[in-house]
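Quick notes on the structure that follows.
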Amino acid sequence: MTSHFILYVDDQARSRRFYARALGIEPRLDVPGMTEFALPGGGVLGLMPEAGIRSLLGPGLPAPSPATPLRSELYLLVPDPEASHRRALEAGAVELSPFAPRSWGHAAAYSLDADGHVLAFASPAPGGAASGALGGGD
């Protein structure tokens, strides 16, 4: 099984450029309506323009709104989370929380992309409980 994480974005080209820089990889697919990045561990990050969602999923889907609160979080365990976080900031992300040890046994840094998605880069913290469980509030 391969897991796909699809983020609905306002501007597919802008988001493609951001995630290519932030992740340090090029997309495996980049066509009108979908951009995909192969993630370490076998997952796939997809970027789909909001404008195409309704035609795909139908009129029952609520309309996107700029007033929508935080939309999603992409939490990635990577070998060098500080370098990954710096790349995201250089690509235009806004820092939410700098790299620091967290209560669930990881050290993580958080930023926000232009579409309101939280992007976290993390690794097991030295001496932390590397349970793989994700927590919040730190």
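Structure notes:
- Candidates Leu96, Leu77: the one that is closer than 27 Å to Glu26 by Cα, at pLDDT 90 or above, surrounded by 15 or more Cβ atoms within 10 Å (Cβ to Cβ) and not polar (S, T, N, Q) is Leu77.
- Candidates Asp138, Asp30, Asp115: the one that is modelled with pLDDT under 90, outside any helix (DSSP H, G or I) and touching a helix residue (DSSP H, G or I) at 6+ places or on another chain (Cβ under 7 Å) is Asp115.
- Filter pass, Ala122 being among the small types (Gly, Ala, Ser), part of a strand (DSSP E or B) and either modelled with pLDDT under 95 or closer than 21 Å to Phe5 by Cα (or both): yes
- Matching entry among Ala100, Ala83, Ala109 (being under 13 Å from the mean Cα position of the chain (by Cα), of a type in the set (Gly, Ala, Ser) and not in a loop (DSSP other than H, G, I, E, B)): Ala109
- Arg28 loosely packed, with under 13 Cβ neighbours inside 10 Å and touching a strand residue (DSSP E or B) at 6+ places or on another chain (Cβ under 8 Å): yes
- Filtered residue count, segment 1-23, keeping only those that are modelled with pLDDT under 95 and either under 19 Å from Ser84 (Cβ atoms) or part of a strand (DSSP E or B) (or both): 6
The values are calculated or read from the model by the stated rules, or taken from the named source; none is laboratory data. A quick note: this is a predicted structure, and the numbers were derived from the prediction, not measured. Every residue, glycine among them, receives a Cβ derived from its backbone with ideal geometry; neighbour counts consider all protein chains shown.
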